[in-house]
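See below for the structure under consideration.
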Amino acid sequence: MGEVHFKTLLDKSSWEGFAAVHPQANFLQSYNWGVFEEKIGKSFFPVAAYENDRQVGAAMVIKELAKRGNYLTIAGGPLINWQDSHSSFIFQKFCKYLKKLAKEENCHFFRVRPQAKDTPQLRQLFAENGFVSAPMHLTADLTLRLNLSQDLDQLLAQMRKNTRYEIRKSEKLGIKTKIIKNSSFMQEFYDQQLYLAKKHGFVPFDYQFLLNQFEVFAEDDQVAFINSYYQGELLASAFVIFYQNEAVYHYGVSTPKNERLPGSYATQWAAIQEAKKRGCSEYNFWGVSPLNKKEHRFAGPSLFKRGFGGYELQHLPAQDLPVSSWYRFIRIFELLRKKIRRL
């Protein structure tokens, strides 16, 4: 085994060069995600790992400022070849470096949700390096993905019968779809999100949060609004990020008129087709609730997503590595908050 060393890689092209050949690359580990986080007031650390002169890993580290205590996060990472027998050695070195970084940044722990399948082996590896299961999630743990290598007829054939019917119905009704690649639509998207938040009782994303995210990825043509309309009126919109070989349905809204029309089906079908045009190999519907939890707050949207077919991937849930003794109090606080919010 060679010597492993780390450095902050502030060269975007070099960062993206490694991501381009890494099978687990995802938008949360893109350089643009770090730039977006910086725009909303956070610090980001693009950490690259090298064994001798060869890059063997990467982690887009974000510093979170919180009243209960600051901490570092790695969502969708670190990017390591977990299948390699050498990965445990690389990960051990990663943990040592990140603990040092956390202490330098006066953080009490760091939270990780790797872009890897949940397996007993991976859980054991994290436990051996001092991790404990996190009280709160970091990003979607259970995701629904559609393999885009099939042609459109094959994709339609594997969908639920009702989903195919609604897609065809949208075509017969003359529902139109439109792709918007700039932020001109953001205010309307945000307004519809506020309406849905009030109706369903959830906390909406801040306007500046959504705008900054869209504009950062738009600079590299990596994002778009996919909208559906009936007689000129908006029905539904999907905020889709296109990164490397994956398209991700990150956010979505719908209008009251959509409750009686299949606009959401038309929007998703258009987004899938756009992903294929861009050469993506997968369309990621993002998070879904477990099948056995019918009362879950996302059970309805999850049922809709599952109608399009695809396969589900259970990632290793968020894991925490304590860095200071204060972590035990933060953990108690988060567990209580989780219980109160029924998360």
Query - Sparsely packed trypsin sites (Lys or Arg not before Pro) within segment 232-318, loop by DSSP, other Cβ within 10 Å at most 11 - result: K293, K294
Report summary line: Comparing G69, G232, G300 in a Gaussian network model of the chain (Cα, 10 Å), the one with the largest mean-square fluctuation is G232
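Once you keep just the Cα pairs under 8 angstrom separated by 6 or more residues, what percentage relative contact order results for segment 1-101?
On the way: 144 pairs, mean separation 25.0, N = 101.
Worked out over segment 1-101, it gives 25 percent.
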Report summary line: Interchain or sequence-distant (5+) residues whose placed amide H lies within less than 5 Å of the amide H of Y243 are V248
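With the alpha-carbon atoms as the only input, what is the per residue convex hull volume for segment 94-154 in Å³?
Working: hull volume 8.6 nm³, N = 61.
For segment 94-154, the hull spanned by Cα atoms encloses 141 Å³ per residue.
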Report summary line: About its Cα centre, the chain carries a charge dipole, from +1 on Lys and Arg Cβ atoms and -1 on Asp and Glu Cβ atoms, whose size in debye to the nearest 20 is 1460
Report summary line: Given (i) 34, 31, 17; (ii) 63, 19, 16; (iii) 36, 22, 20 as possible values of semi-axes √(5λ) of the Cα gyration tensor in Å, the one from the coordinates is (iii)
Report summary line: Distance in Å, no decimals, from the C-alpha centre of segment 27-101 to the one of segment 235-267 is 30
Report task. Determine the per residue accessible area of segment 195-265 with all protein chains present and a 1.4 angstrom probe, expressed in square angstrom. Result -> 43
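Evaluate the relative contact order of the chain (contact order divided by residue number), counting alpha-carbon pairs under 8 angstrom at least 6 apart; express in whole percent.
Working: 603 pairs, mean separation 76.6, N = 343.
Computed over the chain, the figure is 22 percent.
Can you bin segment 197-295 into rounded, prolate or oblate? Criterion: square roots of the alpha carbon gyration tensor eigenvalues sorted a ≥ b ≥ c, rounded for a/c under 1.5, prolate for a/b above b/c, oblate for the rest. Display every interim value, and only then the final one.
Numbers: a/c = 1.29, a/b = 1.26, b/c = 1.02.
Rounded, because the longest to shortest axis ratio a/c is under 1.5.
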Query raised in the report: HN-Hα J couplings of segment 268-277 from phi, Karplus 6.51/-1.76/1.60, θ = phi - 60°, integer Hz, Gly and Pro as x?
Result: 5, 5, 5, 5, 5, 5, 5, 4, 5, 4
Query raised in the report: If you bin the C-alpha pair distances of segment 36-121 every 5 Å from 0, what whole percents do you get?
Result: 3, 13, 24, 25, 17, 11, 6, 1, 0
Query raised in the report: What residue among F225, F27, F205 has the largest mean-square fluctuation in a Gaussian network model of the chain, using Cα springs under 10 Å?
Result: F205
Requested in this report: Go ahead and estimate [θ] at 222 nm for the chain from helices alone: -39,500 (n - 2.57) per DSSP H run with n ≥ 4, summed, over the residue count, rounded to 500.
Outcome: -11500 deg cm²/dmol
Report summary line: Rounded to whole Å², per residue accessible area for segment 135-186 with a 1.4 Å probe reads 57
Requested in this report: Obtain the nm distance between the two label points defined at K12 and A299 by a simple spin-label model: each point lies 7 Å from its Cα along the Cα-to-C-beta direction.
Outcome: 4.4
Report summary line: For segment 1-53, dividing by residue count, accessible area per residue (probe 1.4 Å) in Å² works out to 46
Query - Phi to ³J(HN,Hα) by Karplus 6.51 cos²θ - 1.76 cosθ + 1.60 over segment 217-234, Hz, x for Gly, Pro - result: 6, 5, 4, 10, 6, 10, 8, 7, 8, 10, 10, 10, 9, 10, 6, x, 9, 5
Query - Among Q24, Q158, Q115: highest mean-square fluctuation, GNM of the chain, C-alpha pairs under 10 Å - result: Q158
**Report entry** For segment 214-329: relative contact order, % (alpha-carbon pairs under 8 angstrom, 6 or more apart)
**Finding:** 18
Query raised in the report: Cα-based Rg of segment 123-258 per 2.2 N^0.38 Å, rounded to two decimals?
Result: 1.28
Query raised in the report: Carbon and sulfur atoms: what percent of the 1.4 Å accessible area of segment 202-318 do they account for?
Result: 51
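The values are calculated or read from the model by the stated rules, or taken from the named source; none is laboratory data. Because the structure is a prediction, the values reported are computed rather than measured. Cβ sites come from the backbone with ideal geometry, for glycine too, and all protein chains shown count toward neighbours. Please note that ligands, DNA and RNA were not included when accessible areas were found on the heavy atoms of the full protein model with its side chains. Shrake-Rupley method; radii C 1.70, N 1.55, O 1.52, S 1.80 Å.
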